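> Below is one structure. I have some questions about it.
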Amino acid sequence: MGRVGDRWTLPVVEALLEGPRRFGELVERLPGIAPNILTDRLRNLERDGLAVARPYSHRPPRSTYELTDEGRELAGAVRLLSEWGARHGGAEPARHAACGTPLGVRWYCPTCEQVVDEDEAEGLHYA
């Protein structure tokens with residue numbers, strides 16, 4: 001939580017999950033974020049190895065921002081939090097495009113190809 005728990009970090013990550021974005025595009029996708037806060041969150045994500053800035057102009061200096069592989073791994077956490085927020089905040093949950101059923105989030109073992117409930121999960125600690 002220390003790396004992504006401050007205000008605006010996860011919304012910035014969510015905005016970058018769809019692909020690289022320019023600073024102005026991020027401001028548009030994140031209504032209410034102040035430019036100095038966005039700059040700070042992007043720098044923190046870069047420092048932590050979760051995002052990278054790729055220059056596209058040297059005069060004036062401008063960059064696109066994108067998630068690293070490690071940053072893209074946050075997609076699962078963002079989905080979990082979005083699902084929880086929808087359930088408890090009255091928002092519409094994510095739905096399966098093919099049939100319209102609300103999606104559920106489950107633990108899954110890729111080796112055994114089985115859904116695992118929390119009682120079977122080792123090392124699961126909630127602090």
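The values are calculated or read from the model by the stated rules, or taken from the named source; none is laboratory data. Only a predicted model underlies this, so the values are computations on that prediction, with no experimental measurement involved. All Cβ positions, glycine included, derive from the backbone under ideal geometry; neighbour counts span all protein chains shown.
> Only residues that are exposed (fewer than 15 other Cβ atoms within 10 Å of the Cβ) and under 23 Å from residue 76 (Cβ atoms): list them for region 18-60, please.
18, 19, 47, 49
> In the set 86, 94, 98, which member is within 19 Å of residue 18 (Cα to Cα) and among the small types (Gly, Ala, Ser)? Outline the logic, then answer.
Numbers: 86 fails: within 19 Å of residue 18 (Cα to Cα); 98 fails: within 19 Å of residue 18 (Cα to Cα).
Going through 86, 94, 98 in turn, just one is within 19 Å of residue 18 (Cα to Cα) and among the small types (Gly, Ala, Ser): 94.
> Could you figure out which of (1) within 12 Å of the chain's Cα centre (by Cα); (2) loosely packed, with under 12 Cβ neighbours inside 10 Å; (3) over 30 Å from residue 120 (Cβ atoms) isn't true of residue 73?
With respect to (1) within 12 Å of the chain's Cα centre (by Cα); (2) loosely packed, with under 12 Cβ neighbours inside 10 Å; (3) over 30 Å from residue 120 (Cβ atoms), residue 73 is out only on (3).
> When residues of region 34-52 are filtered for being touching a strand residue (DSSP E or B) at 6+ places or on another chain (Cβ under 7 Å) and of a type in the set (Asp, Glu), how many remain?
Let us first name the residues in region 34-52 that are touching a strand residue (DSSP E or B) at 6+ places or on another chain (Cβ under 7 Å), namely 42, 45-46, 50-52.
Within this subset, residues satisfying the condition of being of a type in the set (Asp, Glu) are 46.
Within region 34-52, residues that are touching a strand residue (DSSP E or B) at 6+ places or on another chain (Cβ under 7 Å) and of a type in the set (Asp, Glu) number 1.
> Can you find a residue in region 115-126 that is part of a strand (DSSP E or B) and within 21 Å of residue 19 (Cβ to Cβ)? Write out each step before concluding.
Residues of region 115-126 that are part of a strand (DSSP E or B), as a first pass: 115-116.
Imposing the further condition that a residue be within 21 Å of residue 19 (Cβ to Cβ) reduces the set to none.
The answer is no; no qualifying residue exists.
> Here is a follow-up. Step by step: first the residues of region 2-29, then only those that are under 11 Å from the mean Cα position of the chain (by Cα) and of a type in the set (D, E, K, R), then the one that is nearest to residue 85 (Cα to Cα). Which residue is that?
The first filter runs over region 2-29 and keeps only residues under 11 Å from the mean Cα position of the chain (by Cα), leaving 4, 8-18.
Now drop any that are not of a type in the set (D, E, K, R), which leaves 14, 18.
Details: 14: 14, 18: 20 Å.
Here the residue is 14.
> Still on this structure, please answer the following. Among the residues of region 83-114, which ones are of a type outside the set (Phe, Trp, Tyr) and either part of a strand (DSSP E or B) or in contact (Cβ under 8 Å) with a residue 40 or more places away in the chain (or both)?
Restricting attention to region 83-114, the residues satisfying the condition of being of a type outside the set (Phe, Trp, Tyr) are 83, 85-106, 109-114.
Correct list: 95, 102, 109, 114.
> A further question follows. Is at least one residue of region 3-14 part of a helix (DSSP H, G or I) and over 20 Å from residue 78 (Cβ atoms)? Spell out the reasoning first.
Initially, region 3-14 is screened for residues part of a helix (DSSP H, G or I), giving 9-14.
Filter once more, so that each one left must be over 20 Å from residue 78 (Cβ atoms): none.
Looking through region 3-14, none of the residues is part of a helix (DSSP H, G or I) and over 20 Å from residue 78 (Cβ atoms).
> Further, regarding this structure: Go over the candidates 54, 41 one by one and state the one that is farther than 27 Å from residue 104 by Cβ, in contact with a Ser or Thr (Cβ under 7 Å, 6 or more places away or on another chain), modelled with pLDDT of 90 or more and assigned to a helix (DSSP H, G or I). Give the steps one after another, and end with the answer.
Details: 54 fails: assigned to a helix (DSSP H, G or I).
Only one candidate passes the filter, namely 41.
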